[in-house]
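Beneath this line is the structure, given in structure tokens, with notes to follow.
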Amino acid sequence: MSYTPADPAFAASLTAALPEGVLAPCEPRYLEEPRGRYRGQAGILAKPGNTEQVATLLRAANATRVPVVPYGGGTGLVGGQVKPEGVAPLLISLERMSKIRAVYPEENVILAEAGAILADVQAAALAQHRLFPLSLAAEGTARIGGNLATNAGGVNVLRYGNARELCLGLEAVLPSGEIWNGLTRLRKDNTGYDLRNLLIGSEGSLGVITAAALKLSPIPAQQGVAHFVVPSPEAAMALLALARDQLGEVVSAFELMHRQGLDFLARHLPQLRQPFATAPEWSVLIDLGLSRGQDPVQALSDLFEAALEAGLAEDGVIAQSKAQVEALWAVREQIPEANRLVGSISSHDISVPISAIPEFIRRGGAAIAALGGGDMRVNCFGHLGDGNLHYNVFPGHGKSRQDYEGLRETVKTVVHDLVLEMGGSFSAEHGVGRMKVTDLQRYGDPVKVAMMRAIKQALDPQGIMNPGAVLPAQEN
């Protein structure tokens, strides 16, 4: 029999099966997402305190075909954490499941519950003189379960990999309410299908991640950060190759920035001090993590001299202190906030083969200029070292994104068509969510999409898990 979460019988069954305090009033913040494009709904909000309570919730939902939306920190940018249409779901927030269960510094492993805030996982690792290198702008709010469910990337992917590479094992609850005890700390376990990697990136559409075994790394003894002006994206790519040839695998981050993003910062966050009096057309932020005995300032100075001689850099600032490191990083980290204050027409989280980035930037700029009279502004920035660009299109001066609503889909299609042509992905690190479901149907390999549907049907035959996210919702 099918219920909705609002049915008294369903609510009563949960109340009888769960301790007091698990079911809670749904505050507006649970129904919002950062870009304001979706407004969610919830029939019931549940805040389980342990894995067994998550299992109880899913057993009840599966038995009555109630839709379920898992909720982490609410920071996702593609609408996967909200369900704006159809039956109001059972919203399961993992916020009470926030324990660090154990740290094994000698193994470089930490066990964390899914509701642990990313910054708290980082701090727990740091307390044991270890590094959890996943780092992104929302780390003070984002929760590790959501990071894994969306396979989050961030600024350190170049050196350490994304969330998938940082996870050894998972504990998760399947739609049936069965608990998968896959919380292994093993680095080698060749016993069949990799179910961990099936759930990572599934965006709550196959089950609820409740805990994870995560990889730690030694903390670099020295950190070096520099902001170099480069003459072009081609020069930036060549500079990255030079840095890796000269320094090895100590380059933790290599971020490309365009003048448009710095102009947005100057206008909307003028209190943020920028390193150059005149914003350069193109620049890069370089972050090094070095071992003991290595001088980061000298390493970056030598790199700058070599880049200057090769015509790959025109100016530069090298941090001389921790405060200056933080100040240089603040410029890069605040670009998304400045973007939000401007309000984009269409934002794109794309990746293309690294060698194709300069061509993509040229062709993308020309294609956008050909639309809407050529007054739209492009802020292209991101993780050059792993081929991931945030390619965001903004209104012309004196206009708002509402003036371009009729062009939004056209802009997105032009960008994503070019990405496909160049062998890239329309979603590099943000996921599919609800925003990009039609993009997956349009651009995804048909065999891959069919395999995904088969997996969804096998694990979630009732179609209760985050319906409408990643794949179109099944008709119940």
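The values are calculated or read from the model by the stated rules, or taken from the named source; none is laboratory data. In this text, all values refer to a predicted model and were calculated from it rather than measured experimentally. A quick note on method: Cβ atoms are made from the backbone with ideal geometry, for glycine too, and the neighbour counts reach across all protein chains shown. Note: areas computed on protein heavy atoms with side chains; ligands, DNA, RNA excluded. Shrake-Rupley method; radii C 1.70, N 1.55, O 1.52, S 1.80 Å.
For segment 356-375, how many residues meet the condition of being open to solvent by 60 Å² or more (accessible area, probe 1.4 Å), assigned to a helix (DSSP H, G or I) and more than 23 Å from PRO280 (Cβ to Cβ)?
1
Report yes if GLY433 is small (Gly, Ala, Ser) and either in a helix (DSSP H, G or I) or open to solvent by less than 40 Å² (accessible area, probe 1.4 Å) (or both), otherwise no.
yes
Looking at (1) open to solvent by 20 Å² or more (accessible area, probe 1.4 Å); (2) at pLDDT 95 or above, which is the one condition that is false for GLY261?
Unmet for GLY261, out of (1) open to solvent by 20 Å² or more (accessible area, probe 1.4 Å); (2) at pLDDT 95 or above: (1).
Among (1) open to solvent by 20 Å² or more (accessible area, probe 1.4 Å); (2) touching a residue at least 12 places away in the same chain (Cβ under 8 Å); (3) outside any loop (DSSP other than H, G, I, E, B); (4) not aromatic (Phe, Trp, Tyr), there is one condition ILE92 misses while meeting the rest; what is its number?
It fails just one condition, (1).
Are any of the residues in segment 247-257 open to solvent by less than 20 Å² (accessible area, probe 1.4 Å) and touching a Cys at 6+ places or on another chain (Cβ under 8 Å)?
Yes - at least one qualifying residue is present in segment 247-257.
Please tell me if ILE209 is more than 30 Å from PRO296 (Cβ to Cβ) and open to solvent by less than 10 Å² (accessible area, probe 1.4 Å).
No.
Among the strands (runs of 3 or more DSSP E) lying completely within segment 232-338, list those that include at least 1 residues that are in contact with a strand residue (DSSP E or B) (Cβ under 9 Å, 6 or more places away or on another chain) and within 30 Å of GLY398 (Cα to Cα). I'd like the intermediate steps shown before the answer.
Values: elements: 251-258, 282-290, 315-318.
In segment 232-338, the matching strands (runs of 3 or more DSSP E) lie at 251-258, 282-290.
Can you go through ALA253, ALA277 and tell me which one is aliphatic (A, V, I, L, M) and over 24 Å from the mean Cα position of the chain (by Cα)?
After ruling out the rest, the residue left standing is ALA277.
Cβ-Cβ under 9 Å, sequence separation 6+ or interchain: first residue in segment 241-267 and among the acidic types (Asp, Glu), partner open to solvent by 50 Å² or more (accessible area, probe 1.4 Å). Which pairs?
GLU249/ARG159
Name the single residue that is least open to solvent (accessible area, probe 1.4 Å) among those in segment 440-476 being of a type in the set (Asp, Glu) and within 27 Å of ARG65 (Cα to Cα).
Top of the filtered list is ASP460.
Can you tell me which residues in segment 107-158 are of a type in the set (A, V, I, L, M, F, W, C), part of a helix (DSSP H, G or I) and within 18 Å of ASP349 (Cβ to Cβ)?
LEU148, ALA149, VAL157, LEU158
Specify which of the listed residues (VAL419, VAL393, VAL378, VAL415) is at pLDDT 95 or above, open to solvent by 10 Å² or more (accessible area, probe 1.4 Å) and either among the β-branched types (Val, Ile, Thr) or assigned to a loop (DSSP other than H, G, I, E, B) (or both).
It is VAL378.
Regarding ALA42, is this residue touching a Cys at 6+ places or on another chain (Cβ under 9 Å), of a type outside the set (D, E, K, R) and open to solvent by 20 Å² or more (accessible area, probe 1.4 Å)? First the steps, then the outcome.
Details: touching a Cys at 6+ places or on another chain (Cβ under 9 Å): yes; of a type outside the set (D, E, K, R): yes; open to solvent by 20 Å² or more (accessible area, probe 1.4 Å): yes.
Considered against the rule, which asks whether it is touching a Cys at 6+ places or on another chain (Cβ under 9 Å), of a type outside the set (D, E, K, R) and open to solvent by 20 Å² or more (accessible area, probe 1.4 Å), ALA42 comes out as yes.
I'm trying to understand the selection: among the residues of segment 44-59, which are in contact with a helix residue (DSSP H, G or I) (Cβ under 8 Å, 6 or more places away or on another chain) and not hydroxyl-bearing (Ser, Thr, Tyr)?
Within segment 44-59, ILE44, LEU45, ALA46, PRO48, LEU57 qualify.
Considering only segment 170-186, I want to know if a residue exists there that is open to solvent by less than 40 Å² (accessible area, probe 1.4 Å), touching a helix residue (DSSP H, G or I) at 6+ places or on another chain (Cβ under 8 Å), modelled with pLDDT of 95 or more and farther than 30 Å from ASP460 by Cβ.
no
Any idea which of (1) basic (Lys, Arg); (2) within 24 Å of LEU440 (Cβ to Cβ); (3) open to solvent by 40 Å² or more (accessible area, probe 1.4 Å) is the one LYS399 doesn't satisfy?
Evaluating LYS399 over (1) basic (Lys, Arg); (2) within 24 Å of LEU440 (Cβ to Cβ); (3) open to solvent by 40 Å² or more (accessible area, probe 1.4 Å) leaves (2) as the failure.
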